[in-house]
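One structure below.
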Amino acid sequence: MQIHRVVRDMVTSKRNFWLAAKSLRVVEDCTGNLEVALDPIGAKPGDFVVTIGVSAARIAAGNPKITTDLTIGGIIDHWDEESWRG
Amino acid sequence: MQIHRVVRDMVTSKRNFWLAAKSLRVVEDCTGNLEVALDPIGAKPGDFVVTIGVSAARIAAGNPKITTDLTIGGIIDHWDEESWRG
Amino acid sequence: MQIHRVVRDMVTSKRNFWLAAKSLRVVEDCTGNLEVALDPIGAKPGDFVVTIGVSAARIAAGNPKITTDLTIGGIIDHWDEESWRG
Amino acid sequence: MQIHRVVRDMVTSKRNFWLAAKSLRVVEDCTGNLEVALDPIGAKPGDFVVTIGVSAARIAAGNPKITTDLTIGGIIDHWDEESWRG
Amino acid sequence: MQIHRVVRDMVTSKRNFWLAAKSLRVVEDCTGNLEVALDPIGAKPGDFVVTIGVSAARIAAGNPKITTDLTIGGIIDHWDEESWRG
């Protein structure tokens with residue numbers, strides 16, 4: 001699993017059926033690289049989160065038909081952003 | 001999920017059976033690296049899209065027998081290309 | 001899916017049962033990095049191909065028991081090698 | 001499978017149901033890049049471990065419903081940290 | 001699939017149940033990066049091998065319950081190490 005920081009919500013006009021009603025967040029890794037994660041937990045911008053990839057992402061979404069390859073699995077209590085960015 | 005920009009259509013003469021009637025697009029990431037994504041939504045060149053990988057890509061294609069490992073899952077409404085390219 | 005160029009055949013003396021009778025090709029990406037792909041289509045050295053990864057690679061091989069993680073899914077009609085190598 | 005060093009425990013306040021009662025460890029690779037692994041074995045900070053990814057990570061967790069994409073699969077007896085870091 | 005060179009055996013004291021009786025090898029890619037692969041074929045240090053990843057790795061291990069994400073699928077007859085390392 002990876003450590004990401006939530007940047008903001010992701011708004012899309014046309015969207016795949018199984019993603020249609022889901023919360024998507026833009027997240028960044030320690031190098032600033034952006035990805036998009038499904039959020040079944042309710043993370044806010046600035047939160048550090050543990051993200052789950054591959055087939056486990058679909059299970060973590062609560063329904064394996066949900067077409068996600070990255071899902072937020074937990075909110076990290078304390079994280080040292082400065083040492084993370086290196 | 002990743003953020004990609006649609007570059008153009010991908011034309012192939014000989015193609016796997018399960019991909020045969022599908023729309024394929026050449027997409028690029030923020031570094032200009034090219035990949036090929038199945039497009040069940042109808043994105044146009046220049047659109048910024050959310051792409052879905054691994055086993056979720058097959059489900060997002062509408063039929064898990066479709067042999068894709070990257071499928072366009074949504075068209076992003078507004079995206080700041082300049083900050084994306086960094 | 002990725003864009004690869006076929007380099008040559010891959011010859012192996014001892015091989016996994018499910019790969020035993022299959023055509024394997026050495027392929028390269030735009031940086032010259034080499035991988036090995038199963039080829040159910042019949043691509044020739046120099047051909048540019050679309051390759052399919054993860055679980056979709058097994059389906060594209062025609063039988064999900066075939067132990068491939070990269071399968072050639074189509075031959076690209078025209079590809080600009082110079083702009084690809086950047 | 002990858003070779004990781006256990007750095008410390010990962011504490012999260014809100015967590016996915018299937019991860020709720022599991023031990024998570026922050027692990028680093030030879031470049032210092034951090035990831036999070038589920039630990040069904042009981043590794044301690046400083047241990048070098050073999051980590052298992054993709055769908056095998058769920059099986060290694062003891063229950064394929066457990067939403068992990070990286071699971072500690074073994075503790076390495078002796079490992080030369082200096083040559084590993086290169 | 002990837003091209004790896006076998007470096008040595010991997011010895012672990014505590015190990016996941018499904019890996020317990022299996023041969024594990026430390027392998028390196030063309031940049032010297034180390035990974036660990038399950039070896040159902042019997043490769044020796046110095047051999048160049050084709051390795052199989054993701055879910056296909058479990059099938060190549062002979063039993064999809066075996067928790068591997070990288071399995072040796074064949075021994076390469078002749079490989080030019082110097083051009084491989086670039």
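When region D:21-41 is filtered for residues that are more than 29 Å from D:Gly86 (Cβ to Cβ) and in contact with a strand residue (DSSP E or B) (Cβ under 9 Å, 6 or more places away or on another chain), the ones remaining, listed by number, are D:Lys22, D:Ser23, D:Pro40. For the condition in contact with a His (Cβ under 7 Å, 6 or more places away or on another chain), closer than 18 Å to C:Val50 by Cβ and of a type in the set (Val, Ile, Thr), what is the one hit in B:Thr51, B:Thr71, B:Thr67? Of B:Thr51, B:Thr71, B:Thr67, the one residue that is in contact with a His (Cβ under 7 Å, 6 or more places away or on another chain), closer than 18 Å to C:Val50 by Cβ and of a type in the set (Val, Ile, Thr) is B:Thr51.
Scanning region C:66-86 for residues that are in contact with an Asp or Glu (Cβ under 7 Å, 6 or more places away or on another chain) and either among the hydroxyl-bearing types (Ser, Thr, Tyr) or more than 7 Å from chain B (Cβ to nearest Cβ) (or both) returns C:Leu70, C:Ile72.
Okay, residues lined up against (1) crowded, with 16+ Cβ neighbours inside 10 Å; (2) among the hydroxyl-bearing types (Ser, Thr, Tyr); (3) more than 26 Å from E:Ile66 (Cα to Cα); (4) at pLDDT below 95:
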| site | (1), (2), (3), (4) |
| --- | --- |
| D:Thr12 | yes, yes, yes, yes |
| D:Arg15 | yes, no, yes, yes |
| D:Ala20 | no, no, no, yes |
| D:Arg25 | yes, no, no, no |
| D:Asp39 | yes, no, no, no |
| D:Asp47 | yes, no, no, no |
| D:Val50 | yes, no, no, no |
| D:Asp77 | no, no, no, yes |
| D:Arg85 | no, no, yes, yes |
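What about B:Lys22, is it within 14 Å of chain C (Cβ to nearest Cβ), more than 24 Å from C:Glu28 (Cβ to Cβ) and outside any helix (DSSP H, G or I)? Answer is yes for this residue.
The set of residues from region C:66-82 being closer than 28 Å to E:Arg5 by Cβ and not hydroxyl-bearing (Ser, Thr, Tyr) comprises C:Ile66, C:Asp69, C:Leu70, C:Ile72. Checking the stated criteria, B:Ala56 turns out to be in a helix (DSSP H, G or I) and modelled with pLDDT of 95 or more.
So that you can scan it fast, the table gives a plain yes or no per residue for (1) touching a residue at least 40 places away in the same chain (Cβ under 8 Å); (2) more than 11 Å from chain C (Cβ to nearest Cβ); (3) in a loop (DSSP other than H, G, I, E, B):
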position: B:Val6; (1), (2), (3): yes, yes, no
position: B:Lys14; (1), (2), (3): no, no, no
position: B:Trp18; (1), (2), (3): yes, no, no
position: B:Glu35; (1), (2), (3): no, no, no
position: B:Ile41; (1), (2), (3): no, yes, yes
position: B:Pro45; (1), (2), (3): no, yes, yes
position: B:Val50; (1), (2), (3): yes, yes, no
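Checking C:His4 against (1) in contact with a Lys or Arg (Cβ under 7 Å, 6 or more places away or on another chain); (2) over 23 Å from D:Ala56 (Cβ atoms): exactly one of these is not met. Which one? The failed condition is (1). Assigned to a loop (DSSP other than H, G, I, E, B), surrounded by 20 or more Cβ atoms within 10 Å (Cβ to Cβ) and within 11 Å of chain C (Cβ to nearest Cβ): does that describe B:Thr31? No; evaluated as a whole, the condition is false for this residue.
Filtering region D:65-86 to residues that are free of Cβ contacts under 8 Å to residues at least 40 places away in the same chain and assigned to a helix (DSSP H, G or I) leaves D:Glu82, D:Ser83.
The values are calculated or read from the model by the stated rules, or taken from the named source; none is laboratory data. Every value quoted in this text rests on a predicted model; they were computed, and no experiment measured them. Using ideal geometry, Cβ is built from the backbone for each residue, glycine included, and neighbour counts are taken over all protein chains shown.
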